[in-house]
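A short worksheet on the structure shown next.
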Amino acid sequence: MIVIGILDLQGAVSEHYDITKKAIENLNIEAEVKPVRYKDEIKECNGIIISGGESTVIGKIIYEREIDKVIKENQIPVFGTCAGMVLLAKKTDFNQNLLEIMDIEVLRNAYGRQVDSFESEIQFLDRNFLGVFIRAPSLKTYDSSKRDIKILSKLDSKIIAIQQGHNIAISFHPELTEDTFIHEYFIKEVLKCVE
Ligand code: GLN
């Protein structure tokens with residue numbers, strides 16, 4: 001039995017909750033999904049999902065509640081979407097609290113403002129997927145000397161999904177689609193850690 005926690009501080013939490021439940025059903029595994037807010041709850045999770053929202057706000061609360069420490073100490077796999085991707089980075093173009101778990105540098109709002117939001121057919125690995133981009137970040141650089149880094153998706157020349165170890169950062173919003181593929185992909189990564 002694994003537990004997937006949806007970090008419930010700010011942002012699109014309920015959408016992630018619903019799609020993670022569906023992904024678990026599709027995989028037909030013993031797993032629980034629950035919204036989590038404090039470090040003691042997070043310690044009990046096998047994987048954490050960080051939603052889109054406002055990364056400065058989420059990052060501030062993460063630090064106040066020492067959630068970063070618990071995630072790092074227990075090496076809990078993290079799946080971050082949009083603001084979640086920003087939070088996984090070592091560095092962004094803004095001065096803000098970050099988890100600094102992945103060796104990536106991220107550019108916030110790389111596609112413009114809220115009104116510039118768009119949808120696009122993308123390829124995630126070898127699978128077609130609908131990318132929903134809302135004030136989305138993109139990847140500026142990654143540490144190519146790290147052998148555990150894998151590019152999962154690109155749009156034009158920009159990297160929009162990347163994995164390092166069991167952590168996954170993507171700039172779009174799979175939780176706003178009906179497609180559970182990427183959530184299933186993350187859950188399978190989490191399963192590898194508990195085997
Ligand atoms: N631009 C936001 C940030 O950097 C992320 C937007 C989103 O999550 N939809 O925090």
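Only the coordinates and a few stated rules stand behind these numbers; no lab work does. Since the model is a prediction, treat every value here as computed from it, not as a measurement. Neighbour counts run over all protein chains shown; Cβ positions are idealised from the backbone, glycine included.
To make sure I understand, if each residue's beta carbon is the centre and we count other beta carbons within 10 Å, what order do ARG147, ARG127, ARG65 fall in, fewest to most?
Exposure proxy ranking, most exposed first: ARG147, ARG127, ARG65.
Spelling out what I want: for every residue of segment 91-98, take phi, set θ = phi - 60°, compute 6.51 cos²θ - 1.76 cosθ + 1.60 (Karplus), and round to whole Hz; glycine and proline get x.
8, 9, 8, 9, 8, 8, 6, 10
Using a Gaussian network model of the chain whose springs link C-alpha atoms within less than 10 Å, name the residue from ILE48, ILE29, ILE104 with the highest mean-square fluctuation.
Looking only at ILE48, ILE29, ILE104, the largest GNM fluctuation is found for ILE29.
Fewest to most neighbouring Cβ within 10 Å: what's the order for THR141, THR177?
Placing the least packed residue first, the sequence is THR141, THR177.
Test of understanding: in a Gaussian network model of the chain with alpha carbons linked when under 10 Å, which of PHE94, PHE129, PHE79 would top the mean-square fluctuation ranking?
Answer for the Gaussian network model of the chain: PHE94.
Mind listing the long-range amide H neighbours of PHE172? Cut-off is under 5 Å, sequence gap 5 or more, other chains count too, H placed in the peptide plane at 1.01 Å from N.
CYS82
Count the net charge of all other residues whose Cβ sits under 10 Å from the Cβ of ILE182, scoring Lys and Arg as +1 and Asp and Glu as -1.
Taking every other residue near ILE182 into account, the sum is -2.
Any idea how far the Cα center of segment 75-115 sits from the one of segment 138-195, in Å?
12
Just to verify a number: FRET efficiency for ASN109 and LYS72, C-beta to C-beta distance, R0 = 25 Å, to 0.05?
It comes to 0.40.
Rounded to the nearest 0.05, what FRET efficiency do SER14 and SER145 have when you use their Cβ-Cβ distance and R0 = 41 Å?
Once rounded, the FRET efficiency stands at 0.55.
So who's got an amide H within less than 5 Å of the one on ILE6, skipping anything under 5 residues away but keeping other chains? H placed 1.01 Å off N, in plane.
Amide H to amide H, under 5 Å and 5 or more residues apart or across chains, ILE6 pairs with LYS34, VAL36, ILE49.
Can you give the FRET efficiency to the nearest 0.05 for ASN95 and GLU64, using r as the Cβ-Cβ distance and R₀ = 22 Å?
0.85
Can you name the helices of the chain, as whole DSSP H runs, whose Cα span along the helix axis is 15 Å or more and whose Kyte-Doolittle mean is not below -1.0?
Qualifying helices: 13-27, 181-194.
From the Cα gyration tensor of segment 1-48, with a ≥ b ≥ c the square roots of its eigenvalues, which class applies: rounded if a/c is under 1.5, or else prolate if a/b is larger than b/c, or else oblate?
oblate
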